[in-house]
Amino acid sequence: MNDRDAPTPSETARSSTQLESLLACARSLAPIVEAEALASEEAATLTPKCVDALRESGLFARFLPREIGGDEIEPTIALALVEEFARQDGSTGWCFGMNAVMTGICSSALPQSGIDRIFSHSPSSVLMAGGFPPTGRADREGDAWRVNGHFRFGSGILHADWVVCSVIEFSGEAPRMDGEVPQMRTFVVPREEVRITKNWDVAGLKGTASCDYHLDDQLLPDELSFVSSTITPLRGADLYGIPLVTLVGASHTGFALGVGKRALEEIATHSGWRQRLASVSPLAQRGAFQHGFARARTQLLGARALAIDSFAAVAAAHRSTAGLGAEERGHAYASTVHAYEAALEAAQFAYRMAGAASVFRGNRLQRCLCDIQVGSQHILASEEGWERIGRHWLGLEELVVF
């Protein structure tokens, strides 16, 4: 990066001020988010009270392109916001991150007529859920598309306004091609036009409503779709020119760090008085606890520092004349996998140290452990990531995220 591409001191100060303001807003919602967490788990979706608080905060809109009233917040700021909500409640942090990033990406790429239709009334509260794996097909039919598909893991779908459905374009029985890969098209569909299967019955992240959803022979217009095999942002290029998976990685990283942080906060709070049945001293007085706590906390703080540095480098490279390359993306990807592993270890340590108290349903430490275990099953957190990153760093192949 050339010196002239680096942020100026005033830009750095402005970013820091923005972060503190947004974090203060997120922290102000903690009483509502935490009070609603168990009810969200019981309902298998965030409660209306929790969702309303998130919408009314205006924080979702901070992810939108500037052209439609957003801030295009830096990846590091997005990471910190998701981290704070995940610290309050894992399901809320997960949904906030996935819904905000999904809405931002789609709003950057939809044609203007689609933007006018979706954001004309209340742009600051629009929520999208869904994803980009193409598990359906679209066939051209006049000026529209005939779409069929079965999609999975629509996190936040039961409180979303619009649902993101990604498919492969077909011409007859053959897929259309976008260079060497089949051409993907992503549709943004009103939630009421999508068939949802309420099958989210899981051990962790219970409140995310990450249900299956379907499009059954739907006729959908061009204006609510865009080519997503290679996304070209029509607005918000300062942020959304960054590849989709790297952007989503910032949200995942924030989720993991937030859950790990809360687990350590909980066990630290209890350690002064909690005493195991066979022990003569409270946890805080035991050497084994002191060793494990210091190690877990240091690993989590180290993972956070690496992530902030890596995603800041992504943003800086994207702004530079040289552009964002595989090296910056590789470090960001590695920091996401590392954050998940550090958070999982922190939650496992805290859960074990709490003893039998942590096994009861609804216990905060049990929820932290279950949430990070389920989150760690995501493909972005997979241990196979280390293999892909290792092959790239060893010069064996170009970086393949998944």
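Just so you know, all these numbers are worked out from the coordinates, no wet-lab data involved. This structure is a prediction, so every number in the text was calculated from the model and none was measured. Cβ coordinates were reconstructed from backbone atoms using ideal geometry, including for glycine residues, and neighbour counts include every protein chain displayed.
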Taking the alpha-carbon centre of each part, the distance from segment 13-45 to segment 199-227 in Å is 25 Å
Pseudo-spin-label distance Ser122 to Arg391, built 7 Å along Cα→Cβ, given in nm, is 4.7 nm
The long-range amide H neighbours of Thr47, using H built 1.01 Å from N in the peptide plane and a cut-off of under 5 Å, are Ser40
Note: Arg27 to Asn363 extended length (0.36 nm per residue) minus current alpha-carbon separation gives 118.8 nm
In degrees, nearest 10, the alpha-carbon axis of helix 75-88 is tilted away from the dominant principal axis of the alpha carbons of the chain by 50 degrees
The aspartates and glutamates whose Cα lies under 20 Å from the Cα of Lys261, excluding any fewer than 8 residues away in the same chain, are Glu20, Glu34, Glu36, Glu83, Glu84, Asp89, Asp309, Glu341, Glu345, Asp371
Karplus ³J(HN,Hα) for segment 354-365 (6.51 cos²θ - 1.76 cosθ + 1.60, θ = phi - 60°; Hz, whole; x = Gly/Pro) runs 6, x, 5, 4, 7, 7, 6, 4, x, 4, 4, 5
One finds, for Glu67 and Ala268 with R0 = 35 angstrom and r their Cβ-Cβ distance, a FRET efficiency to the nearest 0.05 of 0.20
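Determine the gain in length on full extension of the stretch Arg146-Lys198; use 0.36 nm per residue of separation and subtract their C-alpha separation, reporting nm with one decimal.
Working it through step by step, the gained length comes to 16.3 nm.
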Exposure-ranked with fewest Cβ neighbours within 10 Å first, Met177, Met98 stand as Met177, Met98
Cβ-Cβ cut-off under 13 Å around Pro31, Lys and Arg +1, Asp and Glu -1: the net charge is -1
Per the 1/(1 + (r/R0)^6) rule, R0 = 51 Å and r from the Cβ atoms of Thr135 and Arg319, FRET efficiency to 0.05 is 0.90
Most fluctuating of Gly136, Gly375, Gly325 in the GNM of the chain (C-alpha, under 10 Å) is Gly325
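List the relative contact order of segment 3-125 as a percent without decimals, with contacts defined as Cα pairs under 8 Å and 6+ residues apart.
26 percent
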From the Cα centre of segment 234-278 to that of segment 355-398, the distance in Å is 12 Å
Site Ala356, offset 7 angstrom along Cα→Cβ, radius 11 Å on amide nitrogen, limited to segment 263-292, gives 277-278
For His291 and Leu219, extending 7 Å from Cα along the Cα-Cβ vector and measuring point to point gives, in nm, a value of 7.1 nm
1/(1 + (r/R0)^6) with r = Cβ-Cβ of Asp178 and Val280, R0 = 51 Å, i.e. FRET efficiency to nearest 0.05, evaluates to 0.15
The correct pair for segment 242-393, radius of gyration to one decimal and Dmax as a whole number, both in Å and from Cα atoms, is 17.7, 63
Any lysines whose Cα falls less than 24 Å from that of Lys49, other than same-chain ones fewer than 8 residues away, would be Lys198, Lys206
Checking segment 196-294 for chymotrypsin sites (Phe, Trp or Tyr not before Pro) in a loop per DSSP with at most 13 other beta-carbon atoms within 10 Å yields Trp273
Computed over the chain: longest principal axis from alpha-carbon atoms vs helix 48-57 long axis, angle to nearest 10 degrees, is 70 degrees
Taking Cα pairs closer than 8 Å and at least 6 residues apart, the relative contact order of segment 242-393 in percent is 33 percent
Longest principal axis of the chain (C-alpha) makes with the long axis of helix 326-353 (C-alpha) an angle, in degrees to the nearest 10, of 40 degrees
Here segment 139-144 yields Karplus 3J(HN,Hα) values (6.51, -1.76, 1.60; θ = phi - 60°; whole Hz; Gly and Pro given as x) of 10, 5, 9, x, 8, 10
Length gained if Asp238 through Glu327 is fully extended, taking 0.36 nm per residue and subtracting the Cα-Cα distance, is 30.1 nm
